[in-house]
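Here the structure comes first, spelled out in structure tokens, and everything after it is commentary.
The values are calculated or read from the model by the stated rules, or taken from the named source; none is laboratory data. Quick caveat, the model's predicted, so the values are computed rather than measured. No Cβ is skipped: glycine too gets one built from the backbone with ideal geometry, and neighbour counts run over all protein chains shown. These accessible areas exclude ligands, DNA and RNA; they are computed on the full protein's heavy atoms, side chains included. Shrake-Rupley method; radii C 1.70, N 1.55, O 1.52, S 1.80 Å.
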Amino acid sequence: MENDKIYGIKCDVSECVYNREAKECVAGKIDVCSCGCSHPNCSAQTECKTFKPRSF
């Protein structure tokens with residue numbers, strides 16, 4: 001998926017396999033959804049479904 005990287009996606013979740021240098025996402029596709037509410041109005045009410053934990 002990294003070969004299809006979408007440029008300009010900032011992310012600081014270093015525990016994700018798609019994160020590079022704790023500052024960018026290199027996933028080729030990003031799925032974001034709301035966290036149970038029908039009209040999210042802040043980032044706390046959304047989540048990245050693309051996240052995959054890194055094996056340390």
Please go through the stretch 25-39 and give me each residue that is of a type outside the set (A, V, I, L, M, F, W, C) and open to solvent by less than 60 Å² (accessible area, probe 1.4 Å), ordered by number.
Gly28, Ser34
Quick check on Cys33: is it of a type in the set (A, V, I, L, M, F, W, C) and part of a strand (DSSP E or B)?
yes
Take Asp12 and tell me if it is of a type outside the set (A, V, I, L, M), surrounded by 10 or more Cβ atoms within 10 Å (Cβ to Cβ) and in contact with a Cys (Cβ under 9 Å, 6 or more places away or on another chain).
no
Qualifying residues in the stretch 36-56 (those that are in a loop (DSSP other than H, G, I, E, B) and touching a strand residue (DSSP E or B) at 6+ places or on another chain (Cβ under 9 Å)) - the one nearest to Asp4 (Cα to Cα):
Thr50
